[in-house]
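For reference, the structure is listed below as structure tokens.
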Amino acid sequence: MMARERKDYFYRKAKSEGYRARSAYKLQQINKRFRLIRRGDAVLDLGAAPGGWLQVAKEISGDRVVGVDLLAIEPIEGVTTIKADITAADTLELVRDALGGKADVVICDAAPNLSGNWTLDHARSIDLSESALRVAREVLKPGGNFLVKVFQGDTFLDYLSEVRENFWRAQSHSPAASRKESAEMYVVGQGFFLPPVKVGDVLDLEIVGIGKSGDGVADVGGFKIFVPGAAVGEKVRVRIRSIRSGHAVGTPAD
Ligand SMILES: C[S@@+](CC[C@H](N)C(=O)[O-])C[C@H]1O[C@@H](n2cnc3c(N)ncnc32)[C@H](O)[C@@H]1O
């Protein structure tokens, strides 16, 4: 199918099936593949207007769904909507109130109104995906999932590594329902965790085990820190070098 025909196909399909946007099929396809949203999940959708993703999220979860956008969203039964800017600090409070607890899944399809000025549009897109990650860190339950649209550019890999600092598994994905000519990419994060350490922290640790690759392993409240070259029983002062996929790597610091 040509890109244009594909676009028209999903547009007509969305119209006839009652979805507000053909992007609804993107979320369906992504969810089929990654099972990010499950029955009973509390879902937060950032940049949610006109509401196609909200409709799909509500169908799948059947439970609490909250949508935020700068634009007003026509009501959807059982969905709470908030008119707010996802990059503003005080939006978090509104989101927390609406969720009435933590979220199982945060999804973000936000995109700036393109001005045509590449530098400005790029900066705004990055701002949106950074904001989504910030909100996700605040509201997700441990083990929760994250889906965010990202701008493909020179900062893409940096963003992916940032996501890796908080999710067991993080990868990029380009759904089939996206128009082929667009550079649209999504980042999928699965298994949220808040690491008890930060990159650059210096800690005194005791090596309590050896990992598969032979590195010493220390434990901080159930969180593993791998220390290459350290032996069991050794006490080492370690500087945290990286955090990803549910563990950290540190090297001796003196
Ligand atoms: C591609 S649309 C989302 C479509 C939606 N997923 C659906 O299925 O209906 C992107 C949305 O991001 C919103 N947006 C852009 N910047 C925003 C911001 N700073 N805060 C909240 N929403 C924002 C826009 O208003 C727009 O409605």
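The values are calculated or read from the model by the stated rules, or taken from the named source; none is laboratory data. These numbers were taken from a predicted model, which means no experiment stands behind them. Reconstructed Cβ throughout: ideal geometry from the backbone, glycine too, with neighbour counts over all protein chains shown.
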Residue within segment 217-226 that is aromatic (F, W, Y) and over 18 Å from V43 (Cβ atoms) present: yes
Where V217 falls short, out of the listed (1) modelled with pLDDT of 95 or more; (2) surrounded by 14 or more Cβ atoms within 10 Å (Cβ to Cβ); (3) within 22 Å of V56 (Cβ to Cβ): (3)
Selection from segment 65-109 of residues that are among the small types (G, A, S), over 15 Å from G52 (Cα atoms) and in contact with a Ser or Thr (Cβ under 9 Å, 6 or more places away or on another chain): A84, A88, A98
Some residue of segment 78-86 being among the small types (G, A, S), crowded, with 20+ Cβ neighbours inside 10 Å and within 12 Å of the ligand (Cβ to nearest atom): no
Within segment 42-65, tally of residues that are away from the ligand (no atom under 13 Å from the Cβ), in contact with a Gly (Cβ under 9 Å, 6 or more places away or on another chain) and not charged (D, E, K, R): 3
In segment 125-148, the residues that are at pLDDT below 95 and touching a Phe, Trp or Tyr at 6+ places or on another chain (Cβ under 9 Å): S125, I126
Residue match in segment 230-253 (condition: at pLDDT below 95 and on the phi > 0 side of the Ramachandran plot): yes
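For segment 9-41: of the residues being small (G, A, S) and either surrounded by 23 or more Cβ atoms within 10 Å (Cβ to Cβ) or near the ligand (Cβ under 8 Å from one of its atoms) (or both), which is modelled with the lowest pLDDT? Steps first, answer last, please.
Here is the first cut: in segment 9-41, the ones small (G, A, S) are 14, 16, 18, 21, 23-24, 40.
When the remaining residues are screened for being either surrounded by 23 or more Cβ atoms within 10 Å (Cβ to Cβ) or near the ligand (Cβ under 8 Å from one of its atoms) (or both), the result is 21, 23-24.
Working: A21: 89, S23: 92, A24: 95.
Result: A21.
Counting only residues that are under 27 Å from F223 (Cβ atoms) and among the basic types (K, R), give me the helices (runs of 4 or more DSSP H) lying completely in segment 31-149 with at least 1 of them.
Details: elements: 52-61, 91-99, 118-139.
Because the criterion is at least 1 residues that are under 27 Å from F223 (Cβ atoms) and among the basic types (K, R), the helices (runs of 4 or more DSSP H) in segment 31-149 that meet it are 91-99, 118-139.
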Subset of segment 106-133 [surrounded by 18 or more Cβ atoms within 10 Å (Cβ to Cβ), more than 10 Å from the ligand (Cβ to nearest atom) and among the hydroxyl-bearing types (S, T, Y)]: S129
Any hit, segment 92-105, residues being among the charged types (D, E, K, R), in the same structural domain as K141 (by TED's automatic domain parsing) and within 11 Å of the ligand (Cβ to nearest atom): no
